[in-house]
């Protein structure tokens with residue numbers, strides 16, 4: 001069987017591209033969560049970086065000296081590609097109190113009531129069941145423990161990629177799954193937490209800036225990995241590739257959410273962190 005068609009311009013998968021795609025934004029959110037929103041921790045605290053990706057929250061905790069001696073971090077994700085990146089970092093930093101494990105955020109296998117802190121950073125848009133995910137976070141928190149869940153409130157780089165989708169494929173073209181998932185909102189999160197019977201939730205906005213040194217490269221990464229249609233790439237996608245990239249680049253450079261500093265484009269994004277206690 002022949003391989004599915006792909007435009008000749010489309011990049012082949014490499015986890016390093018996904019790190020470039022985030023433009024440091026996920027880590028920036030993690031840094032602000034750690035700096036401003038985590039509770040005091042003790043030497044017996046167990047911490048969960050839930051849906052950890054490449055371990056952005058876990059790394060932020062360690063690098064901000066927020067983990068007392070004796071405390072431990074469990075970093076879990078269903079995506080082994082991201083965990084491989086984290087494990088490389090752990091091999092190079094054997095003193096970090098981080099243990100990684102493959103685990104689905106919708107079906108955590110940890111026992112009840114063990115974590116003093118659970119942080120789920122930019123994960124809810126990609127889980128198959130957000131209510132189940134919320135229930136497992138709450139279930140695994142120790143009494144008095146803190147749960148923090150972040151999602152994007154305003155993500156213009158997604159909006160401009162969606163703009164390129166409709167302008168090159170037509171207004172009735174179904175959104176590619178990654179772009180559709182990226183529309184997950186604070187309202188969706190609020191409903192999921194309520195359905196999980198989590199109460200007294202405090203919502204805090206977090207403003208971050210992504211750094212893009214090569215806007216065209218970023219646009220190519222975004223279109224390659226976010227814009228594959230539900231039924232697969234077509235010849236029309238190859239024919240319109242340069243047009244789509246041009247739309248994204250133009251929208252990035254000229255958007256009111258972007259400014260340029262010394263050749264680096266700073267892209268403003270706003271996240272919201274939902275914070276609650278058990």
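The values are calculated or read from the model by the stated rules, or taken from the named source; none is laboratory data. Note that the structure is predicted; figures quoted are calculated from it, not measured. With ideal geometry, Cβ positions are generated from the backbone for all residues, glycine too; neighbour counts draw on all protein chains shown.
May I ask you to verify whether residue 85 is under 16 Å from the mean Cα position of the chain (by Cα) and part of a helix (DSSP H, G or I)?
In short, yes.
Given the criterion at pLDDT 95 or above and not in a strand (DSSP E or B), identify the matching residue among 256, 187.
From the options 256, 187, the qualifying one is 187.
Report, ordered by the first and then the second residue, all pairs with beta carbons closer than 8 Å, sequence separation of six or more or different chains, a first member in the stretch 132-144 that is touching a residue at least 40 places away in the same chain (Cβ under 8 Å), and a second member that is part of a helix (DSSP H, G or I).
Once the first residue is touching a residue at least 40 places away in the same chain (Cβ under 8 Å) and sits in the stretch 132-144, its partners that are part of a helix (DSSP H, G or I) give 133/124; 133/192; 134/192; 134/193; 134/195.
From the residues in the stretch 136-162 that are at pLDDT below 95 and surrounded by fewer than 17 Cβ atoms within 10 Å (Cβ to Cβ), which one is farthest from residue 181 (Cα to Cα)?
154
Quick check on the stretch 201-218: of everything there that is assigned to a loop (DSSP other than H, G, I, E, B) and touching a residue at least 12 places away in the same chain (Cβ under 8 Å), which residue is farthest from residue 248 (Cα to Cα)?
Checked the stretch 201-218; the qualifying residue farthest from residue 248 (Cα to Cα) is 201.
In the list 198, 248, 221, which residue meets the criterion of being closer than 22 Å to residue 152 by Cα and either without any contact (Cβ under 8 Å) to a residue 60 or more places away in the chain or assigned to a loop (DSSP other than H, G, I, E, B) (or both)?
Exactly one residue qualifies, and that residue is 198.
Is there any pair linking a residue in the stretch 61-80 that is at positive phi to one that is modelled with pLDDT of 95 or more and surrounded by 14 or more Cβ atoms within 10 Å (Cβ to Cβ), with Cβ under 9 Å and at least six apart or on different chains, and which?
70/45; 70/97
How many residues are under 21 Å from residue 71 (Cβ atoms), crowded, with 16+ Cβ neighbours inside 10 Å and over 19 Å from the mean Cα position of the chain (by Cα) when one looks only at the stretch 111-135?
Count: 2.
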